[in-house]
1. How about the range B:83-103: which of its residues are more than 13 Å from residue B:131 (Cβ to Cβ) and out of contact with any helix residue (DSSP H, G or I) (no Cβ under 7 Å at 6 or more places or on another chain)?
2. Across the range B:339-349, which residue is nearest to the chain's Cα centre (by Cα) among those that are exposed (fewer than 15 other Cβ atoms within 10 Å of the Cβ) and either within 14 Å of another protein chain (Cβ to nearest Cβ) or within 15 Å of residue B:250 (Cα to Cα) (or both)?
3. Which one of these is under 21 Å from residue A:151 (Cα atoms) and either modelled with pLDDT under 95 or within 14 Å of another protein chain (Cβ to nearest Cβ) (or both): A:4, A:79?
4. Can you name the helices (runs of 4 or more DSSP H) wholly within the range B:254-337 that have at least 1 residues being surrounded by fewer than 16 Cβ atoms within 10 Å (Cβ to Cβ) and within 14 Å of chain A (Cβ to nearest Cβ)?
5. Any idea which of (1) within 14 Å of chain A (Cβ to nearest Cβ); (2) free of Cβ contacts under 8 Å to residues at least 60 places away in the same chain; (3) under 29 Å from residue B:184 (Cβ atoms); (4) more than 18 Å from the chain's Cα centre (by Cα) is the one residue B:10 doesn't satisfy?
6. For the range B:68-100, how many residues are over 24 Å from residue B:111 (Cα atoms) and touching a residue at least 60 places away in the same chain (Cβ under 8 Å)?
7. Restricting attention to the range B:18-29, and to residues there that are farther than 17 Å from residue B:53 by Cβ and more than 18 Å from the chain's Cα centre (by Cα), which single residue is farthest from the other protein chains (Cβ to nearest Cβ)?
């Protein structure tokens, strides 16, 4: 099985990080994975995205153009990528920044008030983790415990004191999926 | 073995250090900057030298010095910077100085753009600088191969006293993948030919690319050609996937081989007989296997991020015995899986005509 994901949002929303956690979590589960960032002469405040592939087979293209899953942290990202998601795929979007999103036939769509939930936890920087938690709950692409383990590898040691907060945000997101 | 996630550029840099590289000289340019950045941090930890030169020209000539003294020396750059290094590369080839040069290629000509490209294939494999010379050219297809091939590159550079190039691109360099790193290797700079002082020797070791007296130059060139023949006979590497029963074989390296593999997986799941031939050495080129496959009646599609450079070597190898089609992308853009899938399907429907 091969599962392809795009994580997208404004620069600074931490979309590269949640992509890395998905890839690292997949690796910890023994899968083949790739993570590829959009890069180039991008402006501060512009959109950023990364492609993640998690597979039982050797990964072919690291650039995802028809994802199985999309995490969209802002409006422009949802608009840009929603039509590319494969039939039967899943979209988690940040309802704090996207007021209304039209239904996409054949797709599972989950609005997540990421910023509000993050603020309730006392740090709006973990909005990305709320969205990731919801995405993991919706798609089961990796387990929560793999994502938590991945945090220890991906976050630099000086940020490890923030791991409990990040885990709380992941759990809040996951709890949105019944 | 523990797997760690690394960017291709960083995997290559750590692989070089573990293969005994202790000299890095370079000058910044996107999209290879992770290599000097990594080296700047890592080299002092292993008592190595990291030096940001004042230019690419300076960096390649520092390589001449360090490589000539028997050290494992590395420089990296991206396309416009590699063009600046060409004079030095020709001298390194002429003087038979072992070293490794990395090109994390971007789109050209000129300053071009930051997007990935494979349009430096001719430059890498057909000379690039002046004179009748060849580099050994490796094209990694995964982050793991970045590690493995840079180690091999240093070994082969020393074995043949020849510069080796790693031809990567922006995607291979920026992509993160799990890698297993090898143990740190101890290597010696103590080569019998190295210019490390006369010591007990009767004659000094001289490293030079000048052949101006009498028939010196002819002799030098004959020696070089004999060496290149040995490399062609012994060093060809490629990966073949699903070629035995294939009617159509895609030929691609690096990034485009990854895209092609995804498209081929989709087609095989539909029962189509398609395969992949991925050159790992671009020089020496895997000509014998292509020649064999052509004789068996296979047809080929070459997929490149260029207007068609690798395709010329495929056509030469096939030598009119098989049909060779081409699909290329320009301007630093990457073909999508869907585009390659559609291209192959269209060719299969057209049949062998």
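1. From the range B:83-103, those more than 13 Å from residue B:131 (Cβ to Cβ) are B:83-85, B:97-103; that's our starting set.
Residue satisfying the conditions is B:83 alone.
2. Looking only at the range B:339-349, we keep the residues that are exposed (fewer than 15 other Cβ atoms within 10 Å of the Cβ), and these are B:342, B:346, B:349.
Filter again for either within 14 Å of another protein chain (Cβ to nearest Cβ) or within 15 Å of residue B:250 (Cα to Cα) (or both), leaving B:342, B:346.
On the way: B:342: 29, B:346: 31 Å.
Out of the qualifying residues, it is B:342.
3. Working: A:79 fails: under 21 Å from residue A:151 (Cα atoms).
Checking each option against the conditions leaves just A:4.
4. Here the list reads B:254-269.
5. (4)
6. Here the count works out to 14.
7. Let us first name the residues in the range B:18-29 that are farther than 17 Å from residue B:53 by Cβ, namely B:18-20.
Checking which are more than 18 Å from the chain's Cα centre (by Cα) leaves us with B:18, B:20.
On the way: B:18: 20, B:20: 28 Å.
Only one residue fits best here, namely B:20.
For every residue, the table says whether it meets (1) modelled with pLDDT of 95 or more; (2) surrounded by fewer than 21 Cβ atoms within 10 Å (Cβ to Cβ); (3) more than 14 Å from chain B (Cβ to nearest Cβ); (4) touching a helix residue (DSSP H, G or I) at 6+ places or on another chain (Cβ under 7 Å).
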{"site": "A:50", "(1), (2), (3), (4)": "yes, no, no, yes"}
{"site": "A:56", "(1), (2), (3), (4)": "yes, yes, no, no"}
{"site": "A:60", "(1), (2), (3), (4)": "yes, no, no, yes"}
{"site": "A:67", "(1), (2), (3), (4)": "yes, no, no, yes"}
{"site": "A:105", "(1), (2), (3), (4)": "no, yes, yes, no"}
{"site": "A:111", "(1), (2), (3), (4)": "yes, yes, yes, no"}
{"site": "A:137", "(1), (2), (3), (4)": "yes, yes, yes, yes"}
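The values are calculated or read from the model by the stated rules, or taken from the named source; none is laboratory data. Note that the structure is a prediction, hence the values are computed from the model and not measured. For neighbour counting, all protein chains shown are included, and Cβ atoms are generated from backbone atoms with ideal geometry for every residue, glycine included.
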